[in-house]
Structure formats: structure tokens, C-alpha cells
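Engineer: The following block contains the structure, expressed as C-alpha cells.
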Amino acid sequence: MEELTPTSMEAVKSTQPESKDLLKRAFGSKWDQVVERYRLNPKTHTARITRSRDTALHIAVLDQKEDVVKELVRLIDKAAAKNPTDKGKASEGDDLVAKKEGRTPKLC
């Protein structure tokens with residue numbers, strides 16, 4: 001599989017350090033470090049890291065990193081369970097997994 005590059009994904013020049021960090025790690029295939037960022041900081045779950053407004057989860061799906069996708073979704077769900085007011089945000093991850101598995105995702 002062709003390795004993704006920031007240019008191919010229309011990388012955004014973000015002023016947010018966490019977004020830049022996630023972008024660098026995702027495109028550098030440092031998925032263990034992306035997972036650790038998701039584990040340590042729930043705000044990273046919604047960090048938009050490309051011009052297309054993709055998250056690290058989106059990039060993992062595009063890069064066909066099934067184990068990473070499952071772990072990121074698990075972390076998103078865990079964070080949503082701790083903070084029920086943000087529970088709707090976890091559905092984005094569920095939809096990406098559904099697409100990956102060839103199922104039809106829920107509509108918003």
C-alpha cells in the first residue's frame with residue numbers, strides 16, 4: 001500500500017500544537033504514539049488535523065490500520081462514557097468502523 005503523505009491528505013498548517021503533533025505521528029505511521037495521545041488527552045479525539053477536517057481516526061481508517069481503529073474507537077467510547085454530555089461524539093468512530101466493515105453507517 002502506498003504510504004500516505006501530508007500533501008496527499010491536504011495537511012493543514014494548524015496553530016494548535018496537539019493537532020500538529022497528531023498529524024506528524026499519523027503520517028509517520030507512529031500509531032502507538034497516536035493511541036497514547038488519545039489515551040492521555042480526550043480532546044485529541046476531535047482534533048481536526050487535515051484541511052478535509054479529518055481526525056487521526058479518519059487517517060487510521062484510510063491507512064487500513066484495523067487494530068488502531070478499534071483501539072481509538074474504544075478510547076473514544078470510554079471517554080464518552082465518563083462524560084455523558086459528549087456521548088454523541090463517539091458515534092463518528094462507530095460510523096468509520098461500519099464503513100470499514102462494509103456496513104452502512106448511521107446517519108446523523
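Engineer: Would you be able to say whether some residue in region 47-70 is closer than 19 Å to ASN83 by Cα, open to solvent by less than 90 Å² (accessible area, probe 1.4 Å) and assigned to a helix (DSSP H, G or I)? Please lay out each step first, then the result.
Structural biologist: Narrowing region 47-70 to residues closer than 19 Å to ASN83 by Cα: 47.
Retained after the next criterion (residues that are open to solvent by less than 90 Å² (accessible area, probe 1.4 Å)): 47.
Add one more test, that the residue is assigned to a helix (DSSP H, G or I), and what stays is none.
No: region 47-70 contains no residue that is closer than 19 Å to ASN83 by Cα, open to solvent by less than 90 Å² (accessible area, probe 1.4 Å) and assigned to a helix (DSSP H, G or I).
Engineer: Could you count how many residues in region 19-46 are touching a Ser or Thr at 6+ places or on another chain (Cβ under 6 Å) and open to solvent by 20 Å² or more (accessible area, probe 1.4 Å)?
Structural biologist: Adding up the residues that qualify gives 2.
The values are calculated or read from the model by the stated rules, or taken from the named source; none is laboratory data. This one's a predicted model, so the numbers in the text were calculated from it and none came from an experiment. Here Cβ is always computed from backbone atoms with ideal geometry, including for glycine, and neighbour counts include all displayed protein chains. The protein model used for the area step is the full one, side chains on, heavy atoms only, and it has no ligands, DNA or RNA in it. Shrake-Rupley method; radii C 1.70, N 1.55, O 1.52, S 1.80 Å.
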